[in-house]
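Structure first, then comments.
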Amino acid sequence: MGAIMKGSKNTPSLEDLAAQTLDLAKAQGATAAEVNAGLGHGLSVTVRRDEVETVEHHRDKSLSVTVYFGCKSGSASTSDFRPEALTEAVRAACAIARHTAEDPFNGLADPEHLARDIPDLDLYYPWQLSVEEAIVLAQRCERAAFATDKRVSNSEGATVTSHEGFDVYATSAGFLGGVSASRHGVSCAVLGEDEEGHMQRDYDYASVRDARDLPEVEVIGRQAAARAVRRLSGRQIKTCQVPVLYEAQVARSLLSHLVSAVSGPSLYRRSSFLLDSVDTAIFPEMVHLYEEPHRKKAMGSAPFDGEGVETRTRDLVTDGVLRRYCLDSYAARKLNLVTTANAGGVHNLMVKPGPEDLAGLLRQMGRGLFVTELIGFGINGVTGDYSRGAAGFWVENGELAYPVEEITIASNLRDMYKGLVSVGRDVDYRHNICTGSWLLERMTVAGS
């Protein structure tokens, strides 16, 4: 978790600013209040065709306050930490609250659910990276991409980023928690060109808490190049119904749709295809989904959620059965349930992988479509109907046969979840949702 940024004699710490803001809210007559305050800074350097394209220094600070007058609420934010600016922000929030309608489900998280002991999750690893060093790393990454294959004809650039931030959440009920975290990354996007002048773009990237965990930048460049050139000479295919294998980084989107469907707003607005589905089998028996919020160094780790509620490892799906929803306090009250510590989203939603790597899943599929890119957004959250543009590869005899483009894949998410055949062990850990590749039993592929 790291230490919270402290203030000096003339510069209040974030905890002090939060406490001052809560006092101002109380003085304005608020019955309760909560404050989010954050400081962050970072560096981003992009190189394109060996020339420096951008150098950006980021320095951010923000404070938001939500006040409650009984069941009425109002919010305001500021990037100015001077006392007069904080006073004005609180006044604005109070003015909004006084003019809004009462909502009986409003309020702070219930005290019994708040985090008491805040563990150190190893999220904070500053990287003393100079602009010159970042430029060299980006150049090495891009040069490796060009050196990989002569068909790499152009580049959209290689980027090196570093960011660290400090955030505090405090409430008038006495909760105060702070987290320091870092995020560092390298990315590269290049274009491949075949003999007929047809081009394809692809990319690769890494994102970690600790810069020492980054792969060699040349690996990112080579992988971006390999991904781009393998897509050259793409074809359309005839409309068919076949097994579909989602690469890990696009399979993550299928879980994002699941999280959206079982989250509070979709449920209390009755706009979810998974209404009233707790204790119902929505996947095959082998599927196990769980949150692991205290995983060390992970991108989605958090000791508490956006309301100070204690996070913990807990199942979302076991033996294919949906066990719970993903709720913050407001949604939980509205649904007459209990918060699941998901204010702000899920925290390291993990899928138990199967025994096969990507090559094994291709062999298991035998013949079908391997999807590496999704285009557009054709999801109906109410019905679960699914239709998206896609690109990837046609698979024959368990091996990539040729690249495929200008196709659409369609089904219904309920059928897709029930038709999950296998999850690969090629888990992508670069986000707060972590999964391997997904092999689905059958989808409609619309082509020529």
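Filter the range 27-60 for residues that are part of a strand (DSSP E or B) and without any contact (Cβ under 8 Å) to a residue 24 or more places away in the chain; which is farthest from residue 110 (Cα to Cα)? Among those residues, the one meeting the criterion is 51.
For the range 406-422, enumerate the residues that are acidic (Asp, Glu) and either at pLDDT 95 or above or not assigned by TED's automatic domain parsing to the domain that holds residue 387 (or both).
First, pick out the residues of the range 406-422 that are acidic (Asp, Glu): 406, 415.
Hit for the range 406-422 is 415, nothing else.
Restricting the search to helices (runs of 4 or more DSSP H) fully inside the range 203-308 and requiring at least 1 residues that are under 30 Å from residue 33 (Cβ atoms) gives 248-261, 264-268. Here's a check for you: in the range 345-379, which residue that is assigned to a helix (DSSP H, G or I) and within 15 Å of residue 441 (Cβ to Cβ) is nearest to the chain's Cα centre (by Cα)? Looking at the filtered set, the residue picked out is 361. Checked across the range 124-141, the condition of being among the polar types (S, T, N, Q), assigned to a helix (DSSP H, G or I) and modelled with pLDDT of 95 or more holds for at least one residue.
Going through 96, 118 one at a time, which residue ends up being at pLDDT below 95 and either in contact with a helix residue (DSSP H, G or I) (Cβ under 9 Å, 6 or more places away or on another chain) or surrounded by 13 or more Cβ atoms within 10 Å (Cβ to Cβ) (or both)? Don't jump to the end; show me each part of the working.
Details: 96 fails: at pLDDT below 95.
On inspection, the qualifying residue turns out to be 118.
Of the residues in the range 235-250, none is out of contact with any helix residue (DSSP H, G or I) (no Cβ under 9 Å at 6 or more places or on another chain), in the same structural domain as residue 414 (by TED's automatic domain parsing) and on the phi > 0 side of the Ramachandran plot.
Applying the set (1) within 21 Å of residue 276 (Cβ to Cβ); (2) among the polar types (S, T, N, Q); (3) not in a loop (DSSP other than H, G, I, E, B) to residue 411 leaves exactly one unmet item: (1). Filtering the range 222-252 to residues that are farther than 30 Å from residue 196 by Cβ and surrounded by 17 or more Cβ atoms within 10 Å (Cβ to Cβ) leaves 243, 248, 251, 252. Just to be sure before I move on: is residue 152 in contact with a strand residue (DSSP E or B) (Cβ under 9 Å, 6 or more places away or on another chain), assigned by TED's automatic domain parsing to the domain that holds residue 195, of a type in the set (A, V, I, L, M) and buried (at least 21 other Cβ atoms within 10 Å of the Cβ) in the structure I sent? Yes; evaluated as a whole, the condition is true for this residue. Of all residues in the range 370-405, those satisfying the criterion of being aromatic (Phe, Trp, Tyr) and either at pLDDT 95 or above or crowded, with 16+ Cβ neighbours inside 10 Å (or both) are 370, 386, 393, 394, 402.
The values are calculated or read from the model by the stated rules, or taken from the named source; none is laboratory data. Just so we're clear, the structure is a prediction, and the values are computed from it rather than from any experiment. Because the Cβ atoms are built from the backbone with ideal geometry, glycine has one as well, and the counts that use them run over all protein chains shown.
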